[in-house]
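Trainee: Below you'll find the structure I mean.
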Amino acid sequence: MTAVSLGMPALPPRGFGNISATEPFPKAAHRELGNGQLRANLGHATHTIRDKRLRVVSELPDWEALRDAGSAIKTEAMSRLPELLTQFEEQFTARGGTVHWARDAAEANRIVEGLIRETGSSEVVKVKSMATQEIGLNEYLEERGISAIETDLAELIVQLGHDKPSHILVPAIHKNRTEIRDIFLKEMPGVDRSLTDEPRRLAMAARAHLRRKFLSAKVAISGANFGIAETGTLGVVESEGNGRMCLTLPETLITVMGIEKVLPRAQDLEVFMQLLPRSSTGERMNPYTSLWTGATPGDGPQNVHVVLLDNGRTRALADRHGRGALHCIRCSACMNVCPVYERTGGHAYGSTYPGPIGAILSPLLTGVEAEENSSLPYASSLCGACFDACPVKINIPEILVYLRGEDVEAKHGRGPASSGADGKSNGRRRALPTQMDVALGAASWALSSGDRLGLLEKGLPVARALAGRDGKISRLPGLAAGWTQSRDVPAPPSESFRSWWKKRAAPGEGDGAARGGAE
């Protein structure tokens, strides 16, 4: 694959890693809602992060101007992506690094495995990376006898617990400290059996375990928050210092970076270093910001590689309605304000990227027609809180609505071929009408004519009788059953407003008023 090919529309990636949905969101969400401990953990954690973010954001009088700047920089980067990636490759290579291009997950995994094999190592340490989770790198390496040790504390908890991350920023957000202690006692080699669930003791146990791994590892794998085209520089921001250990101690460093992470200039970091920490952890700045450009003789890893990952990104870039999702800087602010995510957690999405951003990013990367993606655009109330919180102003609600339309088109792509206005087949396949199709068609028919609406209103007394003595309808058939499953429908009025007005209006006014209301 070459940078030049990025200017062309892409086919779906051949692989999206080992992490994929096994059931649609509605079913998974229903199951997760029954986990009271999960809901309590999520509620506490998201509210804490959200409150911290609001405090530090309110300190900046130019916060909205920063958001505008971040959005503009990402828009420029996406419009110049082939050019910027070529520039990045030239600069990174000139400074002693090696660039690899990966079309999909399978290709990226093979490249990383080959680089590890060349060192003779069977164990690597890892910096937290969404890109490597996306391609299922840990699972791929494990199947081939290579252990990938997560060094971020939350990622380590998830890994030792044989679990999956539930949050972009705080992967173990669904676990409380007692659960974490139990995981450490069961899975962490050499742990003190008297370990308590005191946060300080848990952190000390993890630190002792990881320090041995840092000092023995010859290979490290990282992601990248940013890649600077102007200088060929890679950047990782983190809070624990584990990333700094991985990026400086091993002899070989392999970075897997999604191609959308590239920025045009080093100066652009001025904007994102203010936006990212405030939006993600509610901090004014990251405790650790590591920047490296190729290899530096006598300082840090000498065998430095970067794998530039497509895996559906050119597919999303070719979608003029959805390409804004590629602006995401993985801050997770949208998740912390989402009422749906707060109650279901990340596992319900069945995607590497949960929450509002996952509901648009996964379908854009691998196609909304994929079975595991088709329900994700509906995992939202469209309240708009995610748009308000996004530091680069991704209009997530607008993209969700667009993807819902794409899903409807995809579902109507089954069945006999339909014809265009000229009578020739237009290639689109038409499905049998669903209950929703029938309901919306009936509503369109009724609401397009005052006479038709008046005819239906004559049935109000019958509908009122169905409510019973308590004046509530507790069960409806078919599609409407989903509504009455968790709430009652109040009985309709005994007559419509139009009917009431017609009886009480002055002579000669009733009919006109009724007609005017329908037009």
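Trainee: Could you check LYS175 against (1) closer than 22 Å to THR281 by Cβ; (2) surrounded by 24 or more Cβ atoms within 10 Å (Cβ to Cβ); (3) in contact with a Ser or Thr (Cβ under 9 Å, 6 or more places away or on another chain) and say which number it fails?
Mentor: Every listed condition holds for LYS175 apart from (2).
Trainee: Select from the range 291-300 the residues that are touching a helix residue (DSSP H, G or I) at 6+ places or on another chain (Cβ under 9 Å), surrounded by fewer than 22 Cβ atoms within 10 Å (Cβ to Cβ) and on the phi < 0 side of the Ramachandran plot and list them in ascending order.
Mentor: LEU291, THR293, ASP299
Trainee: Follow-up. What pairs can you find where one residue is in the range 78-98 and in the same structural domain as GLU251 (by TED's automatic domain parsing) and over 17 Å from THR255 (Cβ atoms), the other is among the charged types (D, E, K, R) and in a strand (DSSP E or B), and their Cβ atoms are less than 7 Å apart, with a gap of 6+ or different chains?
Mentor: Here the result reads none, with nothing in the range 78-98 linked to a residue that is among the charged types (D, E, K, R) and in a strand (DSSP E or B).
Trainee: Any chance the range 302-315 includes a residue that's in contact (Cβ under 8 Å) with a residue 12 or more places away in the chain, surrounded by 24 or more Cβ atoms within 10 Å (Cβ to Cβ), among the small types (Gly, Ala, Ser) and not assigned by TED's automatic domain parsing to the domain that holds LEU38?
Mentor: no
Trainee: Given the criteria in contact (Cβ under 8 Å) with a residue 12 or more places away in the chain, loosely packed, with under 14 Cβ neighbours inside 10 Å and assigned to a loop (DSSP other than H, G, I, E, B), does SER486 qualify?
Mentor: Against the criterion (in contact (Cβ under 8 Å) with a residue 12 or more places away in the chain, loosely packed, with under 14 Cβ neighbours inside 10 Å and assigned to a loop (DSSP other than H, G, I, E, B)), SER486 does not qualify.
Yes or no, residue by residue, for (1) surrounded by 18 or more Cβ atoms within 10 Å (Cβ to Cβ); (2) of a type in the set (Ser, Thr, Tyr); (3) free of Cβ contacts under 8 Å to residues at least 12 places away in the same chain:
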| residue | (1), (2), (3) |
| --- | --- |
| GLY223 | yes, no, no |
| VAL236 | yes, no, no |
| THR252 | yes, yes, no |
| LYS261 | yes, no, no |
| LEU269 | yes, no, no |
| ARG278 | yes, no, no |
| ARG284 | no, no, no |
| PRO287 | no, no, no |
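Trainee: Does ARG193 satisfy being of a type in the set (Lys, Arg) and more than 31 Å from the chain's Cα centre (by Cα)?
Mentor: Yes: the conditions hold for ARG193.
Trainee: If a residue has to be in a loop (DSSP other than H, G, I, E, B) and either crowded, with 22+ Cβ neighbours inside 10 Å or free of Cβ contacts under 8 Å to residues at least 40 places away in the same chain (or both) to count, how many in the range 157-169 make the cut?
Mentor: Of the residues in the range 157-169, 7 are in a loop (DSSP other than H, G, I, E, B) and either crowded, with 22+ Cβ neighbours inside 10 Å or free of Cβ contacts under 8 Å to residues at least 40 places away in the same chain (or both).
Trainee: Take the range 92-120 and flag every residue that is within 29 Å of the chain's Cα centre (by Cα), charged (D, E, K, R) and in a helix (DSSP H, G or I).
Mentor: GLU107, ARG110, GLU113
Trainee: Does THR93 count as in contact with a helix residue (DSSP H, G or I) (Cβ under 9 Å, 6 or more places away or on another chain) and of a type in the set (Ser, Thr, Tyr)?
Mentor: no
Trainee: Continuing with this model, one more query. Restrict the check to the range 115-131 and report whether at least one residue is closer than 18 Å to VAL262 by Cα, modelled with pLDDT of 95 or more and in the same structural domain as VAL271 (by TED's automatic domain parsing).
Mentor: yes
Trainee: Please count how many residues of the range 132-156 are within 23 Å of ARG211 (Cβ to Cβ), outside any loop (DSSP other than H, G, I, E, B) and not small (Gly, Ala, Ser).
Mentor: Final tally of qualifying residues: 9.
Trainee: Is there a residue being of a type in the set (A, V, I, L, M), modelled with pLDDT of 95 or more, under 30 Å from LEU276 (Cα atoms) and in the same structural domain as GLY243 (by TED's automatic domain parsing) anywhere in the range 144-151?
Mentor: yes
Trainee: Here is a follow-up. Could you say which residue among ASP182, ASP197 is in the same structural domain as SER279 (by TED's automatic domain parsing), assigned to a loop (DSSP other than H, G, I, E, B) and either within 19 Å of LYS126 (Cβ to Cβ) or of a type in the set (D, E, K, R) (or both)?
Mentor: It is ASP197.
The values are calculated or read from the model by the stated rules, or taken from the named source; none is laboratory data. Bear in mind the structure is a predicted one, so any value in this text is a computation, not a measurement. Ideal geometry is used to build each Cβ from the backbone, glycine not excepted, and the neighbour counts take in all protein chains shown.
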